[in-house]
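Structure, as structure tokens:
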Amino acid sequence: MCKAAKITIAEVEEIVDVGQIQPDDVHVPNIFVHRVVKGAKYEKRIEKLTIAKDKDTKHKATSPSALLRERIIRRAALEFTDGMYANLGIGIPMLASSYIPKGITVHLHSENGILGLGPLPVEAEVDPDLINAGKETVTVLAGASYFSSDDSFAMIRGGHIDLTMLGAMEVSQQGDLANWMIPGKVVKGMGGAMDLVSALDTKVVVTMEHTAKGGAPKIVETCSLPLTGRNCVDKIITEKGVFEVDVEDGLTLVELAEGVTIEDVINTTDRKSVV
């Protein structure tokens, strides 16, 4: 951001003499910085403290909603392939990383400038400076790297990310995606989702519950909510099944979840959409 600004004000924890910061350690050259502010006291706050669950309770989903989510999560994890670069949205997509099959290496990318995300931290590993794009605390694996947002989005826009997995509020039969806001509600913005779903050569997989609260279908003929991207979704994974999406042919049900019938899918999907 500072590279595009006329005036940049940097809030710092410490001010040192010229020369104390080695050239290789400079992240932002002084040509981009116009003001420096050092306060008396700064507190590093964690917006979303996310820690790993105890191993003994990790796989014990018992409530109907938890069991439903776990079904989606486990199926979503089957989309990972060895050596791929993937960006996972918050919620169900990120949880799917806990089920990456053994023997498979997946390089997880975060828009805020991390490549090589690891598992959630235990309480002793929590670092306020180490968070993902959703502001959740994370860890990194050996070989990980940190970089600026412009490099991060160069990876996305250049088509270097093999898989983007994210949630949705609505998906149309032609693959339009609405996942960033509901009119009238305050949101911080869509983040990197618009870039992620429009990148060339990146497979876009949506993981979501089949219906919204109240039973309204989330797979629809035409999205009624503001769009994140048009004709961008390649696959939809819900607790009822898996759908392939084609811009011309629409939706194809390719997998039916255990205990679910075709009638269940038809009755909970927008009748105007063609499956």
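The values are calculated or read from the model by the stated rules, or taken from the named source; none is laboratory data. In this text the structure is predicted, and so the values were computed from the model without any measurement. All Cβ positions, even for glycine, are placed from backbone atoms using ideal geometry, and neighbour counts span all protein chains on display. Heavy atoms of the whole protein, side chains included, go into the accessibility calculation; ligands, DNA and RNA do not. Shrake-Rupley method; radii C 1.70, N 1.55, O 1.52, S 1.80 Å.
Quick rundown of the values:
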| read-out | value |
| --- | --- |
| Count of residues meeting criterion [assigned to a strand (DSSP E or B), open to solvent by 20 Å² or more (accessible area, probe 1.4 Å) and touching a Lys or Arg at 6+ places or on another chain (Cβ under 9 Å)] in region 123-168 | 2 |
| Selection status of D176, of a type outside the set (A, V, I, L, M, F, W, C) and open to solvent by less than 70 Å² (accessible area, probe 1.4 Å) | yes |
| Residues satisfying the stated conditions in region 112-124, i.e. at pLDDT 95 or above and not small (G, A, S) | I114, L115, L117 |
| Subset of region 200-219 [open to solvent by 10 Å² or more (accessible area, probe 1.4 Å) and either among the hydrophobic types (A, V, I, L, M, F, W, C) or closer than 20 Å to D270 by Cβ (or both)] | L200, E209, T211, A212, K213, G214, G215, A216, P217, K218 |
| Residue pairs meeting the criteria (Cβ under 9 Å; at least 6 apart or on separate chains; first closer than 22 Å to I7 by Cβ and surrounded by 10 or more Cβ atoms within 10 Å (Cβ to Cβ), in region 20-31; second at pLDDT 95 or above and of a type outside the set (A, V, I, L, M, F, W, C)) | V28/T8 |
| Unique residue being open to solvent by 20 Å² or more (accessible area, probe 1.4 Å) and of a type outside the set (D, E, K, R) when the list is L108, L88, L120 | L120 |
| Filter result for P101 (of a type outside the set (G, A, S), within 29 Å of K240 (Cβ to Cβ), open to solvent by less than 70 Å² (accessible area, probe 1.4 Å) and at pLDDT 90 or above) | no |
